[in-house]
Each structure stands twice: as C-alpha cells, then as structure tokens.
Amino acid sequence: FDEEANALNRPATIDLRVNTLKTDCTKVLEILKNDGLVATPTPHSPIGLRLKERRNFRSTTIYKGGFVELQDEGSQLIALLTDAKADHKTIDFCAGSGGKTLALAASMKDGGPLIACDTHNGRLKRLTSRLKRAGVSNVSQHHLTGPGDLWLEKHRASAERVLIDVPCSGSGAWRRFPGS
C-alpha cells in the first residue's frame, strides 16, 4: 500500500504516442524542439515520447494536427502487444474514448476493420472527433448494451485480434486528476 500511495503522490509523466499514420518520432522531436518543448523517447514504447515538463499541450499545432496523442507508455505497449495488422478484423471491447483504438488503427495502417466497443456510450462518442484529428477512417463504433446484446452473438469468434483492457481501475486518472 505504501509503495502504491507514494507512486500516486508523484507527478505523472506526460507521455505522447506518435501517430505513425502521419509522422515518426524523429520529426515530432524536431517540431517539439522548435516549439520550445523538450522530449525524450520513452523507455519501452518505440512510438512514445516523454515530455520533460508539464505544459498545456492540447493547444499546440502538433496535437491539433493529430500527429500525437497523449497516452501513457503502458497503454501504448498494450496496443502494440495486440499485434493488429491491416488484414485483421480487430475489436477493442473497452474502447472508452479511444486512445488504444487510435493506436490500433495506426498499427493497422488504417486498414481493418477495426471496431471500437464500450458499455458507456458517452465515452465512445468522444472518439469521433479524435478519429478525425488522427486521420483514421477504418473504425466503426458499437455501444454494448449488456451481455444480451445481439451484436456480440453476431461477431462471436469473428476477429483475428481482440483487445479487452479490464478491469479499468481508474488509477491513471486518479494520478492525473486527483479530484475526479
């Protein structure tokens, strides 16, 4: 408990996932440097960069243009380990607002199909604007209504890759937004 509590009391890192549909890490590092931001590659993700300091990143051109997404390195690795490919039907069953879905879309080179599902329709709706910003067109969305959802039966055993990131503890959000 003490180790976990201490970790939650330290400021969270600001990790970025480079959108490989639009650019690469080297180009993003150059643009960040020109904007006065310092970043280094993340220790494990080959598509991750870590900002040295906290800043309002969402107002930058590189973010607004969909060249990067704010995404923890751990989430980047989960998406990479899914090993989604352009010719694989892939389903993200816990898509939320789509961070890992966007990472899967880039891994799939915007091929597909890629289906983003979630039981919380409000979170899923936030994915639409993120898809547009990232230049992703291979994603369809489905709001899961519960265990009896007929969509589940229709798609049973039909995907080459499935991402189910459960249980969602919310601990990442606690660290970034303590009041949430």
### Message
Looking at segment 51-63, can you tell me whether even one residue there is under 29 Å from Ala86 (Cβ atoms), open to solvent by less than 70 Å² (accessible area, probe 1.4 Å) and among the aromatic types (Phe, Trp, Tyr)?
### Response
yes
If you go through segment 13-21 one residue at a time, do you hit one that is in contact with a strand residue (DSSP E or B) (Cβ under 8 Å, 6 or more places away or on another chain) and among the polar types (S, T, N, Q)? yes
All conditions in (1) within 28 Å of Lys22 (Cβ to Cβ); (2) in a helix (DSSP H, G or I); (3) at pLDDT below 95 are true of Gly112 except (2)
Of the residues in segment 47-105, those that are assigned to a helix (DSSP H, G or I), polar (S, T, N, Q) and modelled with pLDDT under 95 number 3
Residue pairs within 9 Å by beta carbon, gap of at least six or interchain, first lying in segment 22-39 and of a type in the set (Val, Ile, Thr), second assigned to a helix (DSSP H, G or I), listed first then second, are Thr23/Ile31; Thr23/Ile62; Val28/Ile62; Ile31/Thr61; Ile31/Ile62; Val38/Leu32
If we keep only residues of segment 7-39 that are open to solvent by less than 50 Å² (accessible area, probe 1.4 Å), out of contact with any Cys (no Cβ under 9 Å at 6 or more places or on another chain) and among the β-branched types (Val, Ile, Thr), then the residue modelled with the lowest pLDDT is Ile14
- Query: Just a yes or no: is a residue in segment 21-40 under 15 Å from the mean Cα position of the chain (by Cα) and either part of a loop (DSSP other than H, G, I, E, B) or under 19 Å from Leu127 (Cα atoms) (or both)?
  - Reply: yes
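The values are calculated or read from the model by the stated rules, or taken from the named source; none is laboratory data. Because the structure is a prediction, the values reported are computed rather than measured. For neighbour counting, all protein chains shown are included, and Cβ atoms are generated from backbone atoms with ideal geometry for every residue, glycine included. For accessibility, only protein heavy atoms count, side chains too; no ligands or nucleic acids. Shrake-Rupley method; radii C 1.70, N 1.55, O 1.52, S 1.80 Å.
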